[in-house]
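Reading through the structure tokens given below for one structure.
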Ligand code: ZN
């Protein structure tokens, strides 16, 4: 997953190429019912443009949401997923870049630095990838499903996943990170596509 390493390839909210499945056992809850896989909302679904609301109840429903999001992310497969991608406008994202499942509730992007251009995609804009420049390093803080403080930081893939998912929380898709001309062309193609499939 280093740039330039053999088969570094692409990234779509995660990359199918990585093939890693984190352990379910680390999902921080004991839920009686099996976890569910939800359909992933795709562009131009308006929920993807909504700024997520802060979570205020740290209850069973939240733990269920996180468990279902992880299940949905692994099934996609992807390395990150935000609640609004399954139609829930709550400030929660999950990720697993190959080191096991993690989640952040009410994330705050605290720090970014450097620059790294990498081929990036999004589960909500399926099968499309663009080289996107972002800060190489990022740090996100927030809380877990029990309200305990968490902080994740990293560069390259982790740094990018944290920024990509934090963008989703703000209602921002990776399309907004494209250069003007590329974005215009991408939007035109996506609109034509969604009209054809409507
Ligand atoms: Zn995405």
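Just to be sure before I move on: is residue 47 at pLDDT 95 or above and closer than 20 Å to residue 150 by Cβ in the structure I sent? Considered against the rule, which asks whether it is at pLDDT 95 or above and closer than 20 Å to residue 150 by Cβ, residue 47 comes out as no.
Restricting the range 153-172 to residues that are surrounded by fewer than 19 Cβ atoms within 10 Å (Cβ to Cβ) and more than 18 Å from residue 106 (Cα to Cα) leaves a set whose member that is farthest from the ligand (Cβ to nearest atom) is 155. Each residue in the range 91-127 was checked for being under 26 Å from residue 194 (Cα atoms) and away from the ligand (no atom under 11 Å from the Cβ), and 2 of them qualify.
Quick one: which residue in 120, 57, 99, 71 is out of contact with any strand residue (DSSP E or B) (no Cβ under 9 Å at 6 or more places or on another chain) and either in a helix (DSSP H, G or I) or crowded, with 22+ Cβ neighbours inside 10 Å (or both)?
Criteria check complete, one pass: 71.
Test residue 185 against the stated conditions and say whether it is within 16 Å of the ligand (Cβ to nearest atom), out of contact with any helix residue (DSSP H, G or I) (no Cβ under 9 Å at 6 or more places or on another chain) and on the phi < 0 side of the Ramachandran plot. Here the answer is no, as residue 185 does not meet what is asked.
Beta carbons closer than 7 Å, at least 6 apart along the sequence or on distinct chains, pair a first residue in the range 167-181 that is more than 9 Å from residue 51 (Cα to Cα) and in contact (Cβ under 8 Å) with a residue 40 or more places away in the chain with a second that is in a loop (DSSP other than H, G, I, E, B) and within 12 Å of the ligand (Cβ to nearest atom) for 173/43; 173/124.
The values are calculated or read from the model by the stated rules, or taken from the named source; none is laboratory data. Here the structure is a predicted model, which is why all the values come from computation and not from measurement. Because the Cβ atoms are built from the backbone with ideal geometry, glycine has one as well, and the counts that use them run over all protein chains shown.
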